[in-house]
1. From the residues in segment 180-206 that are part of a strand (DSSP E or B) and β-branched (Val, Ile, Thr), which one is surrounded by the fewest Cβ atoms within 10 Å (Cβ to Cβ)?
2. Tell me yes or no: at least one residue of segment 81-98 is under 19 Å from the mean Cα position of the chain (by Cα) and buried (at least 20 other Cβ atoms within 10 Å of the Cβ).
3. Ser221 versus (1) within 15 Å of the chain's Cα centre (by Cα); (2) of a type in the set (S, T, N, Q); (3) closer than 24 Å to Asn68 by Cβ: which is the lone unmet condition?
4. Any idea which of Gly138, Gly230 is within 23 Å of Val111 (Cβ to Cβ), among the small types (Gly, Ala, Ser) and either in contact (Cβ under 8 Å) with a residue 40 or more places away in the chain or assigned by TED's automatic domain parsing to the domain that holds Gly60 (or both)?
5. Report the residue count in segment 25-35 for those that are in contact with a helix residue (DSSP H, G or I) (Cβ under 6 Å, 6 or more places away or on another chain) and either acidic (Asp, Glu) or closer than 19 Å to Arg90 by Cα (or both).
6. Only one of these conditions is not met by Leu112: (1) in contact with a Pro (Cβ under 9 Å, 6 or more places away or on another chain); (2) part of a loop (DSSP other than H, G, I, E, B). Which number is it?
7. Just to be sure, is Glu127 over 20 Å from Met194 (Cβ atoms), surrounded by 14 or more Cβ atoms within 10 Å (Cβ to Cβ) and free of Cβ contacts under 8 Å to residues at least 60 places away in the same chain?
Amino acid sequence: MTPEFLSSWQNSPLAVQALLFDLDGTLVDSAPDLAGAVNEMRLDRGLSTLPLEALRPHVGTGARGMLNVGLQLTPEHADYEASKSEFLDRYEARMARETQLFDEVLELLGVLQSAAIPWGIVTNKAERFALPLTRHLGLDEAAFTVIGGDTTPHAKPHPAPLLEAAKRGGVDPQRCVYIGDDERDIVAGRAAGMRTVAAGWGYLGNGKAIEAWNADIVLSSPSGILKLLGLT
């Protein structure tokens, strides 16, 4: 982080009204269950399972990414839609089996609550999955809102979900910070007029290097957020 960025943040106590987080790859590690769903499909088709390390980088692209790397299926394939429905059903049946918070996230959220700093969740995960998963992990009661990929007419990288979250929280988008582990998160955050933090501990994908996403800052761990806020 640049000294100028840290100074401007910490010396303006009213500058940040709320934090908004992506879900998968930022707050929670859902890769084991998403990978597990596609590996179940592989086994049913007489194929061997793929290692988690091979599937993890594609988690951020959801069913499309999982089916592409796991079964070499693209949206143009005749079997894609049926396979996508099967994948989503399998994932729904097991989505809380191995998914857990990333290290330091529980501490981070606890400190934010103690400091009375509101935070919410904006994910491209459909509400069908996002709402029960956040309830299971105990995130829904502390978050002031959970916005899914189908809560608004547009998903990220469109700014609409982030603007809806700010509206529900009664906060100025320009005084919000959005934290995510995909370039789409940064594009959406900037389009919404928010400060953006790239979560270097997340999935990151196989696209541009994280430094090229044009985030305001790149952090290597959730605890870095507390340093930005002057809470450590």
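The values are calculated or read from the model by the stated rules, or taken from the named source; none is laboratory data. Computed from a predicted model, the values in this text were never measured in an experiment. FYI the Cβ positions are ideal-geometry reconstructions off the backbone, even for glycines, and counts take in every protein chain you see.
1. First pass over segment 180-206, keeping only residues part of a strand (DSSP E or B): 180, 195-199.
Checking the rest, the ones that are also β-branched (Val, Ile, Thr) come to 196-197.
On the way: Thr196: 22, Val197: 26.
Ranking the qualifying residues of segment 180-206, first place goes to Thr196.
2. Pass one, segment 81-98, residues under 19 Å from the mean Cα position of the chain (by Cα): 88, 91-92, 94-98.
With the extra rule that they be buried (at least 20 other Cβ atoms within 10 Å of the Cβ), the set shrinks to 91, 95.
Looking through segment 81-98, at least one residue is under 19 Å from the mean Cα position of the chain (by Cα) and buried (at least 20 other Cβ atoms within 10 Å of the Cβ).
3. (3)
4. Sole residue among the options that is within 23 Å of Val111 (Cβ to Cβ), among the small types (Gly, Ala, Ser) and either in contact (Cβ under 8 Å) with a residue 40 or more places away in the chain or assigned by TED's automatic domain parsing to the domain that holds Gly60 (or both): Gly230.
5. In the first step, residues of segment 25-35 are kept if they are in contact with a helix residue (DSSP H, G or I) (Cβ under 6 Å, 6 or more places away or on another chain); the result is 25, 27, 31, 33-35.
This time we only want the ones that are either acidic (Asp, Glu) or closer than 19 Å to Arg90 by Cα (or both), so: 31, 33-35.
Total meeting the criteria: 4.
6. (2)
7. Working: over 20 Å from Met194 (Cβ atoms): yes; surrounded by 14 or more Cβ atoms within 10 Å (Cβ to Cβ): yes; free of Cβ contacts under 8 Å to residues at least 60 places away in the same chain: yes.
The answer is yes for Glu127.
This table checks each residue for (1) loosely packed, with under 11 Cβ neighbours inside 10 Å; (2) closer than 25 Å to Asp185 by Cα; (3) not basic (Lys, Arg).
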position	(1), (2), (3)
Thr49	no, no, yes
Val59	no, yes, yes
Arg64	no, yes, no
Leu71	no, no, yes
